[in-house]
Structures are given as structure tokens and as C-alpha cells.
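Here's the structure, in C-alpha cells; my notes come after.
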Amino acid sequence: MRERYIGTYGGYQTGPLLFVLGGIHGNEPAGVFGLEKVFQKLEAQAPHFRGKLVGICGNCRALAKKQRFIDRDLNRLWSEREIQRILHSSSKEALNSEEKELLEILSVIEKEKEGDFTARVMMDLHTTSAPGGFFSIVTPKPRNRELGTALYAPVIFNLNNSLDSTTNIFMDNHGWQGVAFESGQHDDIESMVLHEAAVWVMLEKVGCIHRDDIDNFQQYHDLLAEAAKYLPRFVNVVYRHEITPEDQFSMVPGYVNFTPVKAGELLGRDRKGMVKAPKTGRILMPLYQPQGEEGFFIAEELEKPLI
Ligand SMILES: [Zn+2]
């Protein structure tokens, strides 16, 4: 099994804390690999560094098994209700695999957040089962939207109303700024490259590093800008297709993130029959993996950000 810590860097000069999670979903190792690259280059180049970077593995047990989760989706345990339930459970032994992961991550967060930081920023790195999953998810706060737009990827609004127990909610509830960042398809090497680029650009954005101190820094901006070239800047989620394993949902093959769909279009099948798009918009996160709680989302492009 992987160590919880992928790395830490800095911590000697006043500045922000950037806390990055990779592999909250065990079938999404790209964030872990991207973080490893960042730490290797920081060690090799030893730039002037303000504040501290902490990179940790999310679901260590599921990463070892290369599966999304073992007992429960770790990215659905971050509401205060769930956290309090797990923190106060009478028997820690009786906790399931992801509940144990959550407790371990929370203790790392508690330890690392201490210190005289000018800001506390969290990044949660993910990938999607369909191609083209390049976007940021933020809660409706201007500062979080700024962090999202800094990564060039489309910023998704209102996903959190659907996903009210993800790391985004934890960030809000606990006074962190932050963003969840999806860099592409699970096993695409490009996803790892984009995660690395996103962490570098975020280090610059929050003020940990200066671009002149890193070799060929512009490449990271260019990689992200290139990936975003044909995508909308801002989208608003207008529909979430919730599923359970009993639904036996299967998505029609061939959809990628941001594919335009029309109301009434056949998107999938379940045990009751055909599943059609209830609205016109763009498809997000069509499900092409066995585990998941949503079959797909539909989003509308926005002229300007909601916040
Ligand atoms: Zn994920």
C-alpha cells in the first residue's frame, strides 16, 4: 500500500499552504503521479519557496487495488454529518475501508494546517471515465472561481448542489479556499501531465513560487491552455442522473465530456428501459465504469460566471 504522504516542500518562509489530494478515487492515480513529478522537480531545482506544499494520497487502500473504492465512495463522506458520525463512532475497528481513510486524512489535515500561513488552499485531483474530462469544480465563492479559472479549464457551477458531501464542501465548512480539478480520462498519460501542470500553475497563483525560478515554466500554462482550447469557460449543471447498482444503468457508448445533447436524445438504458436526456445542454461525466452514483450530468454553457 502507498504511503499517505506523497511529499512536502517548503514550510520555512511565510506564505500560503497548498494542500493537494491525489487519488481520492482509487482508479484515478494520475493525480498521485503528477504530484510525484512536482516534488521531484522541486527537490532537483530547489527554487525560492514561500509557504508550504503538502501532497497526499486520498484512498491508499483502493489505489493499491486499482479500484474506485472498496466499501464506499470516499468523495461522499465530507459533509459535517458524515465526519461527525465517523469521528464519534464507538468502534474504530468497525469502520469500513473509506471511513478509516477519511479519519487518517483528517488527522493529516489537522496537523498540516497548523502554522502561520497567509492562506490555506486545497486542490483535489481527479480524472473521469470518459475522455475530455477537463474542468474545475468550485463552490460559489469568487475566490474559488478565481482559482478555477487560473487552471484554464471550464469552471463548473452548481455541481456542489448535487454533490453536497465532496471535498469542496469540506473546504467551505473548514475555511479553506479550493478547487476540485479533473484533468482527463483515467488512464490517459495526458491526465498525469495536466495534473502536474495544474499544481505548478496553482503554486504560482497562490504565491508559493515565482515563474522565473522554475525551468521552462511557461510550458505548464501552455499545456493547460491547449487542453482548454475548444471548451466553454463556464458551465452550469442543470441535471444530475442519479443511479443505484440495482438500476443496472449503462451509458450509450461514444459520449465524451462536453458533447452537446438535445432534450429527448437516448443517452443510456436501465432496467426500466430507455434513459433520455431531460434537457438540452452538454454532457458531463458520462459513466463508463462499473462503480458510480451518477450516470451523467447535463450542463449549460454560461456567457459569464455565476459568481
Ligand atoms: Zn474522482
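The values are calculated or read from the model by the stated rules, or taken from the named source; none is laboratory data. Just so we're clear, the structure is a prediction, and the values are computed from it rather than from any experiment. Virtual Cβ from ideal backbone geometry, glycine too; neighbours counted across all protein chains shown. When the accessible area is computed, the model is the full protein with side chains, heavy atoms only, and any ligands, DNA or RNA have been set aside. Shrake-Rupley method; radii C 1.70, N 1.55, O 1.52, S 1.80 Å.
For the reader, a short list of remarks on this structure follows.
- Meets criteria (open to solvent by less than 80 Å² (accessible area, probe 1.4 Å) and either touching a Ser or Thr at 6+ places or on another chain (Cβ under 6 Å) or at pLDDT below 95 (or both)) for GLU293: yes
- Pairs linking a residue in region 203-214 that is over 12 Å from ALA119 (Cα atoms) to a residue that is open to solvent by less than 60 Å² (accessible area, probe 1.4 Å) and polar (S, T, N, Q), with Cβ atoms under 8 Å and 6 or more positions apart or on different chains, are ASP213/GLN45; ILE214/GLN45.
- Only a single item in (1) part of a helix (DSSP H, G or I); (2) more than 17 Å from the chain's Cα centre (by Cα) is not met by SER191, and it is number (2).
- Being farther than 22 Å from GLN185 by Cβ and either free of Cβ contacts under 8 Å to residues at least 12 places away in the same chain or open to solvent by 60 Å² or more (accessible area, probe 1.4 Å) (or both) is true of LYS276.
- ALA62 being closer than 19 Å to PHE181 by Cα and either open to solvent by less than 10 Å² (accessible area, probe 1.4 Å) or aliphatic (A, V, I, L, M) (or both): no
Yes or no, residue by residue, for (1) in contact with a Gly (Cβ under 7 Å, 6 or more places away or on another chain); (2) open to solvent by 60 Å² or more (accessible area, probe 1.4 Å); (3) among the hydroxyl-bearing types (Ser, Thr, Tyr); (4) within 23 Å of SER183 (Cβ to Cβ):
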{"site": "ASP73", "(1), (2), (3), (4)": "no, no, no, yes"}
{"site": "LEU77", "(1), (2), (3), (4)": "no, no, no, yes"}
{"site": "ILE83", "(1), (2), (3), (4)": "no, no, no, no"}
{"site": "ILE86", "(1), (2), (3), (4)": "no, no, no, no"}
{"site": "SER91", "(1), (2), (3), (4)": "no, no, yes, no"}
{"site": "LEU95", "(1), (2), (3), (4)": "no, no, no, no"}
{"site": "LEU106", "(1), (2), (3), (4)": "no, no, no, no"}
{"site": "GLU110", "(1), (2), (3), (4)": "no, yes, no, no"}
{"site": "MET123", "(1), (2), (3), (4)": "yes, no, no, yes"}
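- Taking region 47-148 and the strands (runs of 3 or more DSSP E) fully enclosed by it, the elements with 2 or more residues that are more than 16 Å from the ligand (Cβ to nearest atom) are at 52-57, 120-128.
- In this entry, LEU42 is excluded by the filter for residues that are within 24 Å of ARG120 (Cα to Cα), open to solvent by less than 10 Å² (accessible area, probe 1.4 Å) and either touching a residue at least 40 places away in the same chain (Cβ under 8 Å) or not assigned by TED's automatic domain parsing to the domain that holds ALA180 (or both).
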